[in-house]
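*Asks:* If you scroll down you'll find the structure; I have some questions about it.
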Amino acid sequence: MSTTTLRLPPELRDRVSRLAQQSGTTAHSFMLDAIAERVAHEELRHAFLEEGNARFARMLETGEGLDWNDVRTHLREQAAGEASPAPQVKRWRE
């Protein structure tokens, strides 16, 4: 494992120390967990954006997609616990 130095403002260092102690862990472990959580979050966000961009490109290429009104109705029905068929792909441009 490599070593990296973090220069923390005193207020942040004190907050980390206090929370680590309350969590029953070391400040080092607390910071590692925080960094790992942020990295995972950013990786997931980037994957989400990449997938969205790929789907949008595919929509532009094929001229097919989901109608927002159909999607919204489906989501509302699902949220209400109702059985709702998935929206169907439609041509939206020729």
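The values are calculated or read from the model by the stated rules, or taken from the named source; none is laboratory data. As the structure is a prediction and not an experimental result, all values here were calculated from the model. Counting neighbours? That spans all protein chains shown, and the Cβs are built from the backbone with ideal geometry, glycine included.
*Asks:* Mind checking whether some residue in region 19-30 is part of a helix (DSSP H, G or I), β-branched (V, I, T) and either surrounded by 10 or more Cβ atoms within 10 Å (Cβ to Cβ) or at pLDDT 95 or above (or both)?
*Replies:* Scanning region 19-30, I find no residue that is part of a helix (DSSP H, G or I), β-branched (V, I, T) and either surrounded by 10 or more Cβ atoms within 10 Å (Cβ to Cβ) or at pLDDT 95 or above (or both), so the answer is no.
*Asks:* Right, something else. Please verify whether T3 is surrounded by 11 or more Cβ atoms within 10 Å (Cβ to Cβ), not acidic (D, E) and not in a helix (DSSP H, G or I), treating the condition exactly as stated.
*Replies:* No: the conditions fail for T3.
*Asks:* Just to be sure before I move on: is R76 loosely packed, with under 12 Cβ neighbours inside 10 Å and within 30 Å of S23 (Cα to Cα) in the structure I sent?
*Replies:* So R76 does not fit the description; no.
*Asks:* Taking region 63-73 only, how many residues are surrounded by 13 or more Cβ atoms within 10 Å (Cβ to Cβ) and part of a helix (DSSP H, G or I)?
*Replies:* So the count comes out to 3.
*Asks:* Please tell me if Q88 is assigned to a helix (DSSP H, G or I) and either in contact with a helix residue (DSSP H, G or I) (Cβ under 9 Å, 6 or more places away or on another chain) or of a type in the set (S, T, N, Q) (or both).
*Replies:* In short, no.
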